[in-house]
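Worksheet for the structure shown next.
The values are calculated or read from the model by the stated rules, or taken from the named source; none is laboratory data. None of the values given here were measured: they were computed from a predicted structure. With ideal geometry, Cβ positions are generated from the backbone for all residues, glycine too; neighbour counts draw on all protein chains shown.
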Amino acid sequence: MKRDFYITPKPSRIMKMLWNVAGADEYILERATYSDQIKYMCLGGIVLATGVMAGIAGGYAFYTIFEPKGSALDSSFHPVTAFCSLLFGCFWGLMIFNIDRFIVTSTGKGDGTEEITWTEFKGAIPRIIMGAVIAMTISKPVEIRMFKTEIDTALHEEQLKLQKDYEVRTRANFDGRIKLIDDELNKMETGREEFVEKINKATLELTNQLQGRAGAPAGDGKLSDALRGIKSNLEDQLNSFDNSNKSRYEELTTEKKKIIKEMDVELSKNKLVANGLDGLLERIKLAHEIAGFWISLFITLLFLTIELTPIFFKLMLVKTPYDYMEENIKELMKAEEGIYIQHNYYQDKQGLERDLVTHMNVEKMIHEKLELLNVQKRLTKHALSKYEEKITNRINENPDDFIKIDSSAN
C-alpha cells in the first residue's frame, strides 16, 4: 500500500508463511507497519520451531521405545524402526504444531498494555498449563539425547548388575530342587558304599587266609569256605540293593538332568532380561541422576520458556496499527452483516454486565415474515367476505336452488 508518509515493505514468501503460522491476517499485515510484520513473523517462527522440535523429540522417543533391545553400548542402526519413527515424528510434530498454533491464536492481547494483570493471567492459565505439558514432553527426549554417551555407559553397568542378579536368583531357585535329589542319591551311594566296603574287607580276609597272613595255616579249608560264604552273601545283598534302587536311581538321575537343562535354558535368558532394561523410562531416570536436579531443571525451563513465550508475548503486546485495523475490519464486517452490539447493556442474575447483541438482518427477515403473514391474513379475510357476499346475492335471487324439499314426505 503506497502512502505519502509511509511505504509498507513488501513481505517475502517466508515472512508470509510465518504470518500464517502465527495466525495473523496477511491482508492487514501487508498494509501495517514493518514492526508489526516482524513481530508476527517472529511469533510464527517460535511456533514453527516448537513443532519441529516436538517432531524430532517424538521421533527419537519412538525409536528409543521400539528399537530392538540389546546392550546399551551397541550402536546398531535399525532402518525399519527408523522409518516408523520418522512417520511418527512427522505426525507428532504436526499435532503439537497445530495445538501450539491454536493456543497462540486463541490467546487475546489483554488490555493492550505491557503489564500483565491478574485477570489476564488468570484467563491464560489453561493455555499456560497446556503449553507446560507440551514443553515437558519435548524436553525429556532431548535431554536423554544430550547425555546419551553417559547414559549408555551407566545403563550398561545396570544391565550387567541385572544379568548377574538374575543368574544368582535363577541358580538359587533350581539349587534347592537339585539338592533334594542329590541328598537322596547320596543316601543311596552311602548305602552301596557300605556294602562295597564290607565286600572288600571280606575279600581281603579271604586273601590273607589263603596266603597264610591271617595267623592260621595257609591253604583252602573250612575257614576259607566260611569267608567265601560271607563274601558271596554280601555280594548278593549288594545286587539286591542295586536291583531294588535301580529304577529310583535312574528316575532321580533323569529328573536331575531335566532340572539342570531347565536351569541352563533360564540362565541363557539372562542377557535378554538385562537387555530389556534399555527403555525410555530407565533412560529418563538415569538422565536425571547423571545431569542432576539443576541441569535437568534448566533444560526443562528452557523449553518451557520457548513454549510459553508466545502466550506471554501476546499478553504483553501494546496495541499497534495492526490491532486497530483488525478491530476496524471486524466492526465493518459486523456492520455489513447487520450485527449491532451494545456493550454492558444489562446485568444477568449473577450481577455480571452483559452485552446486548442485535442481529439486524435476522430481525429484518423476521419482521418481513410477520408483515407478510399479516397481509395474507387480511387478504384471506377480505376474500372470504367477498365470497360470502356473492353467495348471499345468489340466495336472494333464487333461494330454491339452495333448499331441497323431499316430496315423498307429504
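Listing for the model above:
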{"read-out": "Enumeration of residues in the range 90-123 that are under 26 Å from the mean Cα position of the chain (by Cα) and buried (at least 19 other Cβ atoms within 10 Å of the Cβ)", "value": "92, 93, 96, 97, 100, 101, 103, 104"}
{"read-out": "Where a residue in the range 175-187 is without any contact (Cβ under 8 Å) to a residue 24 or more places away in the chain and its partner, wherever it lies, is hydroxyl-bearing (Ser, Thr, Tyr), with Cβ under 6 Å and at least six apart", "value": "none"}
{"read-out": "Matching entry among 330, 349 (being free of Cβ contacts under 8 Å to residues at least 40 places away in the same chain, part of a loop (DSSP other than H, G, I, E, B) and of a type outside the set (Gly, Ala, Ser))", "value": "349"}
{"read-out": "Near pairs, Cβ below 6 angstrom, 6+ apart or cross-chain, from the range 142-167 (closer than 24 Å to residue 89 by Cβ) to any residue that is aromatic (Phe, Trp, Tyr)", "value": "145/60"}
{"read-out": "Boolean, residue 320 is more than 23 Å from residue 105 (Cβ to Cβ), of a type in the set (S, T, N, Q) and touching a residue at least 12 places away in the same chain (Cβ under 8 Å)", "value": "no"}
{"read-out": "Residue that is farther than 30 Å from residue 27 by Cα and assigned to a helix (DSSP H, G or I), where the choices are 362, 375", "value": "375"}
{"read-out": "Meets criteria (touching a helix residue (DSSP H, G or I) at 6+ places or on another chain (Cβ under 8 Å), at pLDDT 85 or above, in the same structural domain as residue 58 (by TED's automatic domain parsing) and in a helix (DSSP H, G or I)) for residue 134", "value": "yes"}
{"read-out": "Residue match in the range 261-273 (condition: of a type in the set (Ser, Thr, Tyr) and over 33 Å from the mean Cα position of the chain (by Cα))", "value": "no"}
{"read-out": "All helices (runs of 4 or more DSSP H) inside the range 218-325 with 3 or more residues being among the aliphatic types (A, V, I, L, M) and closer than 30 Å to residue 96 by Cβ", "value": "280-315"}
{"read-out": "Meets criteria (outside any loop (DSSP other than H, G, I, E, B) and under 23 Å from residue 286 (Cα atoms)) for residue 119", "value": "no"}
